[in-house]
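See below for the structure under consideration.
The values are calculated or read from the model by the stated rules, or taken from the named source; none is laboratory data. Please read all numbers here as calculations on a predicted model, not as lab measurements. Methodologically, a virtual Cβ is constructed for each residue, glycine included, from the backbone with ideal geometry; neighbour enumeration extends over all protein chains shown. Side chains included, ligands, DNA and RNA excluded: accessible areas come from the protein's heavy atoms. Shrake-Rupley method; radii C 1.70, N 1.55, O 1.52, S 1.80 Å.
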Amino acid sequence: MQIVFVVLAEAMIACWLALAVLGPRRMDTANAIAVLRYSVLMRMLALMIALTPLLIFFYAMRNFHWETPAKFNTGGFAFLTFSAIVGLWLIEVTRVQIVLTEDGITRSSPWSGLATLKWSDVQRVGYSSINRWFSVEGAGQTIRVSQYLGGIGTFADIVERKVTANRWASAARSLGSVK
């Protein structure tokens, strides 16, 4: 069973490293004003956090005395599961991007795919202080824009310029604070 866990951990490490190296799938940005992505620092932090449980597992596997195979299996499963869970954040920060154009906003996300919303169709721009994201709603869809994306100030400027003030009034304070 030890070999199975080692192979799974190595495969997971290879996946996390490939995600970090390959980065996001590039969207068409020919007429883009700005492309919002998470910073390199945020991506590196997510990679380190995703790799940490696996590296601890390798250390624990070699240096700890596991009393029974069942305890080793439980420990191995716990490390792999925890790495997969924190790896979701790595997937988020390496794959999400928002493209802002004069016509609208387009989001590419591994969780919900591609979504485009024209500025003229925006019905409401809100802000969630708990999640730290702006939600751009209209035409039956919602595009969430994290406050931690690089270029968030440009997003705030464009929203204030392209969307009527009464539609972003509830997020006005937060839009002003990210500039």
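Miscellaneous remarks
- Considering residues of the stretch 74-87 that are over 15 Å from the mean Cα position of the chain (by Cα) and open to solvent by less than 40 Å² (accessible area, probe 1.4 Å) only, the residue farthest from R26 (Cα to Cα): G75
- Looking only at the stretch 136-155, and only at residues there that are over 21 Å from M27 (Cα atoms) and out of contact with any Asp or Glu (no Cβ under 6 Å at 6 or more places or on another chain), the one that is most open to solvent (accessible area, probe 1.4 Å): G140
- On the stretch given as the stretch 146-179, residues that are under 17 Å from W119 (Cα atoms), in contact (Cβ under 8 Å) with a residue 40 or more places away in the chain and touching a Leu at 6+ places or on another chain (Cβ under 7 Å) total 5.
- All positions within the stretch 4-32 that are modelled with pLDDT of 85 or more and open to solvent by 70 Å² or more (accessible area, probe 1.4 Å): V4, V7, L8, E10, C15, L17, N31
- Members of the stretch 33-62 found to be open to solvent by less than 60 Å² (accessible area, probe 1.4 Å) and of a type in the set (V, I, T), listed by number: V35
- Residues located in the stretch 88-133, provided they are at pLDDT 95 or above, within 14 Å of the chain's Cα centre (by Cα) and of a type in the set (F, W, Y): W133
- Every residue from the stretch 92-117 that is under 11 Å from Q141 (Cβ atoms) and surrounded by 19 or more Cβ atoms within 10 Å (Cβ to Cβ): I105, R107, L117
- Taking the stretch 157-177 as the range and being open to solvent by 40 Å² or more (accessible area, probe 1.4 Å) and either part of a helix (DSSP H, G or I) or in contact with a His (Cβ under 8 Å, 6 or more places away or on another chain) (or both) as the test, the residues that pass are D157, E160, R161, K162, A165, N166, R167, A169, S170, R173, G176, S177.
- Identity of the residue in the stretch 118-135, under 20 Å from A32 (Cβ atoms) and of a type in the set (A, V, I, L, M), that ends up surrounded by the most Cβ atoms within 10 Å (Cβ to Cβ): V125
- Subset of the stretch 1-21 [in contact with a helix residue (DSSP H, G or I) (Cβ under 8 Å, 6 or more places away or on another chain) and under 19 Å from V86 (Cα atoms)]: F5, V6, L8, A9, M12, I13, C15, W16, L17, L19, A20
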